[in-house]
Amino acid sequence: MANLSPNQELFPVLIITGLSGSGKSTALRALEDIGYFCIDNLPIHLAPKFLQLRAQITQEDMKIAFGMDVRTKGFIEHHGTLFQELREMGYQLHIIFLEASDQVLIQRFSQTRRHHPLAENESIAAAIQKERRQLQNLRQDATRTIDTSSMTVHDLRVLIMEEYSQFPLTRRLHLHIISFGFKYGLPPEADIVMDVRFLPNPFFIKDLKELNGLELPVQDYVLGREETREFIGRFFTMLDYLIPNYQKEGKTHLTVAIGCSGGHHRSVVIANALKNHLQSIGHPLTINHRDITHE
């Protein structure tokens, strides 16, 4: 192994994992396109040896991502031991866990006609539930959880490329903002959830009902209210306080979800206002209006 000073950290290593059908192959291809050396389904006992050999060959930082999941023999049983070994070697691990709803996963397997790795003599639905149980502890240990239920392949590719193109060069906190409708459920990846259903609803204004929060009349209506201005001042001030403290504790990703009834109007306006505020003070971020196209 390369000679390290006692407290020296090597470059970050990304672990791409999660539920079958959730987009791991897409994520790995996106990482390859931004310069990562990606290895999928490597036997877990070979990962430390690979990194050891690489460190002996060159001292230059190298972007490396491992794809590991239930297909990788021994990964479920021994991932904790593997991760601890890599950390003791001096590597900073960043574990990306991809998931999606059962309905979406079933639909994806049906469309692609791919075989679920755990579906032997049982249905795809049963195999998905079995896999969720097996990966429960791993999900809790993840650095970053991404729900791809409402994402296209293109959406996931863009998100991965935007968030990880400079990842090894910086440990800045990256923010992801989601607008959503409570009627469609909470985003499971959210770290902070803000309910803005207390704001006046443009849905009940005849000329605004069929518009959405990306359109100027709706923005003017929501942002023009006194209660909105007071809320934004308080909420943004709270986040300005929290974000540096999350970063200080070593968190690299923070997902803030803004919810209203249907995810069409108020949440979209507030999410965009938050995006503009955070970008104005230099925070890297991505944004997704999850339910804006729902009927």
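The values are calculated or read from the model by the stated rules, or taken from the named source; none is laboratory data. For clarity, every value in this text was computed on a predicted model and none was experimentally measured. Note that each Cβ is placed from the backbone with ideal geometry, even for glycine, and that neighbours are counted across all protein chains shown. For the accessible areas, the whole protein counts, side chains as well, though only heavy atoms, and no ligand, DNA or RNA atoms are used. Shrake-Rupley method; radii C 1.70, N 1.55, O 1.52, S 1.80 Å.
The residue that is nearest to Ile64 (Cα to Cα), among those in region 102-139 that are among the polar types (S, T, N, Q) and either modelled with pLDDT under 90 or touching a strand residue (DSSP E or B) at 6+ places or on another chain (Cβ under 8 Å) (or both), is Thr112.
Can we say Tyr241 is modelled with pLDDT under 90 and farther than 22 Å from Arg157 by Cβ? Let's see the steps before the verdict.
Details: modelled with pLDDT under 90: no; farther than 22 Å from Arg157 by Cβ: yes.
The answer is no for Tyr241.
In the set (1) part of a loop (DSSP other than H, G, I, E, B); (2) modelled with pLDDT under 95, Gln279 fails one condition alone, (1).
Total residues in region 44-61 satisfying the condition of being at pLDDT below 85 and open to solvent by 60 Å² or more (accessible area, probe 1.4 Å): the figure is 7. Any chance region 67-75 includes a residue that's closer than 20 Å to Ser22 by Cβ, open to solvent by less than 10 Å² (accessible area, probe 1.4 Å) and touching a helix residue (DSSP H, G or I) at 6+ places or on another chain (Cβ under 6 Å)? Yes, there is a match, as at least one residue in region 67-75 is closer than 20 Å to Ser22 by Cβ, open to solvent by less than 10 Å² (accessible area, probe 1.4 Å) and touching a helix residue (DSSP H, G or I) at 6+ places or on another chain (Cβ under 6 Å). Candidates in region 282-295 are the residues that are of a type outside the set (S, T, N, Q) and under 14 Å from His174 (Cβ atoms); of these, the one that is modelled with the highest pLDDT is Ile287.
Comparison of Leu211, Leu175, Leu135 shows that the only residue that is under 21 Å from Val13 (Cα atoms), surrounded by 13 or more Cβ atoms within 10 Å (Cβ to Cβ), over 16 Å from the mean Cα position of the chain (by Cα) and of a type in the set (A, V, I, L, M, F, W, C) is Leu135. Which ones in region 232-260 are part of a loop (DSSP other than H, G, I, E, B) and open to solvent by 50 Å² or more (accessible area, probe 1.4 Å)? Hits for region 232-260 are Glu249, Gly250, Lys251. Taking each residue of region 277-295 that is more than 24 Å from Met238 (Cβ to Cβ) and looking for partners that are among the aliphatic types (A, V, I, L, M) with beta-carbon atoms closer than 7 Å, six or more apart or interchain, yields Ile292/Val268.
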